[in-house]
Amino acid sequence: MDSVLIIGAGAAGSVVAQKCAMNRDVFKKIHLASRRLKSCVDVAARCKTPVEVSQVDADNVAETVALLKKVKPDLVINMALPYQDLPIMDACLEAGVNYMDTANYEPRDEAKFSYTWQWPYHDKFKAKGLMAILGCGFDPGQSNIYCAYAQEHLFDEISQIDIVDCNDGSHGKAFATNFNPEINLREVTQRGKYWKDGKWIEIDPLSIACMVDYPEVGPRKSYLIYHEEEESLVENIKGLKQIRFWMTFSDNYIKHLDVLQNVGMTRIDPVMYKGNPVIPIEFLKELLPPPSSLGENYTGRTSIGCIFVGKKDGKEKRAIIYNVCEHNDCYKEVGAQAVSYTTGVPPVVGAMMLFQGHWGGKGVFNVEQLPSKPFMDEIGKQGLPWTMKEIKAADQAELFAVKT
Ligand SMILES: NC(=O)c1ccc[n+]([C@@H]2O[C@H](COP(=O)([O-])OP(=O)(O)OC[C@H]3O[C@@H](n4cnc5c(N)ncnc54)[C@H](OP(=O)(O)O)[C@@H]3O)[C@@H](O)[C@H]2O)c1
């Protein structure tokens with residue numbers, strides 16, 4: 001296998017294409033397709049080696065099948081939006097191509113992301129002898145692989161996981177989201193959720209917060225939100241008793257979010273305006289800066305990792321595995337900010353794992369079900385080095401004390 005088709009030439013898709021184009025020993029043929037040809041042409045111009053381009057509307061299965069039959073890739077990396085997951089999976093099944101994405105499916109008319117739509121494709125992919133790899137970005141993606149690595153190499157049993165995600169950067173805009181605005185706002189405005197003692201506990205949006213001490217950043221206020229990797233990790237990390245996801249939001253972000261919500265601008269249902277139906281969140285997305293435009297003046301860094309509590313050789317053990325990524329370094333390398341970069345590098349390494357035979361299987365897989373070691377060995381070389389540290393309860397005093 002050596003031929004890849006990337007669908008979606010946005011902020012993160014641009015990083016995927018450029019990184020594949022820097023690894024021609026693995027990716028002999030690279031094709032980039034998106035809803036607008038201009039997006040592909042612009043990204044291809046940034047790539048260090050030649051990348052072919054096409055226009056495709058990935059909502060249209062027949063159109064995508066025709067492209068797949070023309071290009072004949074070994075793998076599609078879906079870097080478009082979660083809405084396109086199922087149509088692209090259907091097209092892959094019809095054309096006989098392996099599939100990978102970074103975000104799970106959600107329907108346009110309901111802000112609910114879940115694997116319950118994609119997991120049932122397992123038997124169809126298996127029957128065709130194909131592999132679908134779900135959620136191979138940073139979180140989900142790298143975060144799941146940190147968990148798999150901790151389970152396989154650091155712990156005998158993991159009882160508690162806190163995924164901690166900090167963007168301690170500044171893009172200098174009044175308000176912007178670091179990935180697709182529509183998807184980002186749908187994610188953060190829904191009810192929070194975490195898993196404890198075998199059941200899901202729902203909370204009001206952004207209603208629980210605590211200080212998390214982020215490596216190379218320091219203590220930052222972090223909100224408990226629901227994130228999609230929790231759904232698969234509760235299935236795949238044995239003996240797990242609790243998993244939570246924490247993310248930082250600046251006071252400025254929360255202020256804008258409150259106003260946008262209060263005036264109805266984050267609504268996902270159509271509103272009639274001058275006789276035409278308008279979906280407020282789709283209109284809002286057109287007003288906000290695209291995430292691909294934020295890199296140039298972005299300062300600061302992201303610090304994202306997983307904090308584990310468990311047992312090793314009968315003794316309690318606590319550890320963190322994390323990556324720190326500088327916005328400015330990402331911009332110098334590929335013209336992107338660190339959120340796009342941390343999203344775009346893992347699918348490239350995932351594709352390498354498949355092409356080099358480290359990952360394989362027939363059916364639908366979350367990344368923590370696949371060998372973590374070869375991925376962890378490669379990801380640092382591709383730009384996202386990781387650190388593992390044992391910690392004490394006192395190092396994350398608020399996080400371990402917060403009542404949930
Ligand atoms: N796992 C993670 O860590 C993580 C983190 C952040 C984001 N993500 C996911 O990454 C994906 C991309 O995010 P982003 O920030 O790169 O968003 P983005 O900049 O808005 O890019 C999305 C791209 O999808 C393309 N697209 C939309 N509809 C399409 C269609 N029907 N057919 C073909 N192409 C279509 C658009 O193409 P045109 O430009 O051609 O119109 C756009 O460039 C999202 O699914 C997001 O949820 C994952």
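Laid out as a table, the results:
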{"read-out": "Rough spin-label spacing in nm, given labels placed 7 Å along Cα→Cβ, for Y253 and E94", "value": "3.8 nm"}
{"read-out": "Vicinal HN-Hα couplings computed from phi for segment 206-215 (Karplus, 6.51 cos²θ - 1.76 cosθ + 1.60; Hz; Gly/Pro x)", "value": "6, 8, 10, 9, 7, 8, 10, 8, 8, x"}
{"read-out": "Residues E229, E110, sorted so that the one with the fewest Cβ neighbours within 10 Å comes first", "value": "E110, E229"}
{"read-out": "Proximal charge balance of P181 [Cβ under 10 Å; K/R count +1, D/E count -1]", "value": "-1"}
{"read-out": "Summed residue charge, Cβ within 9 Å of P280's Cβ, Lys/Arg positive, Asp/Glu negative", "value": "-1"}
{"read-out": "Computed E for D2/E216 - FRET, C-beta separation, R0 35 angstrom, nearest 0.05", "value": "0.45"}
{"read-out": "Packing rank of 259-266, 296-303, where each peptide gets the mean count of other beta carbons within 10 Å, highest leading", "value": "296-303, 259-266"}
{"read-out": "Across K112/K221; K173/K389; K317/K403; K255/K389; K70/K124; K28/K285, pairs whose alpha-carbon gap is larger than 31 Å", "value": "K173/K389; K255/K389; K28/K285"}
{"read-out": "Cα lying deepest toward the dipole's positive end in segment 248-323, options V309, N262, S293, charges on Cβ", "value": "V309"}
{"read-out": "Computed magnitude of the charge dipole of the chain (debye, nearest 20; Cβ of K, R +1, Cβ of D, E -1)", "value": "420 debye"}
{"read-out": "In range of the label at K315: residues from segment 384-398 whose backbone nitrogen is under 14 Å from the point 7 Å along Cα→Cβ", "value": "390-393"}
{"read-out": "Calculated [θ] (222 nm, deg cm²/dmol) that DSSP helices of n ≥ 4 give over the chain, each run adding -39,500 (n - 2.57)", "value": "-9500 deg cm²/dmol"}
{"read-out": "Alpha-carbon centroids, segment 1-35 and segment 116-175: separation in whole Å", "value": "21 Å"}
{"read-out": "Cα-based shape type of the chain, given that a ≥ b ≥ c are square roots of the gyration tensor eigenvalues and the cut on a/c is 1.5", "value": "rounded"}
{"read-out": "Across K19/K128; K69/K373; K238/K392, pairs whose alpha-carbon gap is larger than 32 Å", "value": "K69/K373"}
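Just so you know, all these numbers are worked out from the coordinates, no wet-lab data involved. Because the structure is a prediction, the values reported are computed rather than measured. When we count neighbours, we look across all protein chains shown, and the Cβ atoms used for this are built from the backbone with ideal geometry, even at glycine.
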